[in-house]
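Notes to accompany the following structure.
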Amino acid sequence: MDRQPAPTLADQFAAALDWWRDAGVDSDYVEEPANLLAEPVAPPPPAPVAAKAAREEPPPPPVARIGGDRGGWPAALADFAPWWLGEPSLDPAPAGTRVPPRGVAGAQLLVLVPMPEAGDTEQLLSGKHGQLVSAMLRAMGIAPDAAYIAAALPRHTPVPDWEGLKAAGLGDVLLHHLALAAPRRVLVLGQDVLPLLGLEKRRGVCNLPLAESALPLLASLAPDILLGTPRARADLWRRWLDWTGTA
């Protein structure tokens, strides 16, 4: 007698299904009936990936550079003050609220402050801050016409966004201003100004590199802090004497 080949797994599975069908059992009785003999249902196709918007949002406009086109910057100090008062990109406020710097090129000392005083109109540092600077110049033996007074901002601004101003290019304008003024020394009163010049925010002496030279610079605290802190004024005076060799 010929031996029948062993049934395959598929044959066994089909025979089992036939047995259950002949027995009249074609469902799995659980809480919800399930048809055991039904064709398997294919899983639903994956949800289509949302189509990319036909029109993407345009990139934000570039930040307007403070000072505008560098080719239009003043080439002489005599032209800087009119430009400082009228260049639209320097400040969004009306130009009539700006205050010009004062002094002559090649000054013995350039005093740089963060901004004009709140009451300044035609003259920079016309209030208590100006009185402090004038007293300092007298003690230093520097005549008023041998000093140059400048501010980093064209008008009084209660809470400046110094980081935003730096990113927009105010530091380049300030460095150009100092290069035109070409003083022998620079005294910065206000550490917020220092990053605009590419310097760290700390008191002390350093050399400020410019295009063709380096300016000796002494950094100290802002005028309002000096006015209210005798110890800070004494520290500035000591640093000045050490810096100038007049101790």
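Any read-out appearing in this document is the output of simple, stated calculations on the displayed coordinates, not a laboratory observation. Since the structure is predicted, the reported quantities are computational estimates derived from the model, not experimental observations. We place every Cβ from the backbone using ideal geometry, glycine too, and count neighbours over all the protein chains shown.
Length gained on full extension, Trp243 to Gln123, computed as 0.36 nm times the residue gap minus the Cα-Cα distance: 40.3 nm.
Given that compact globular proteins tend to follow 2.2 N^0.38 Å, what is the ratio of the alpha-carbon Rg of the range 77-240 to that value? This ratio for the range 77-240 stands at 0.96. One decimal place: the segment Glu57-Asp172 gains 38.2 nm when fully extended, by the rule 0.36 nm per residue minus the C-alpha distance. When His129, His176 are sorted by how many other C-beta atoms sit within 10 angstrom of their C-beta, beginning with the fewest, the order is His176, His129. The residues Ser220, Ser134, when put in order of fewest to most other Cβ atoms within 10 Å, stand as Ser134, Ser220.
Relative to the current alpha-carbon distance between Asn207 and Arg21, full extension at 0.36 nm per residue lengthens the span by 57.2 nm.
Applying both filters, DSSP loop and at most 11 other Cβ atoms within 10 Å, to the trypsin sites (Lys or Arg not before Pro) of the range 171-239 gives Arg202.
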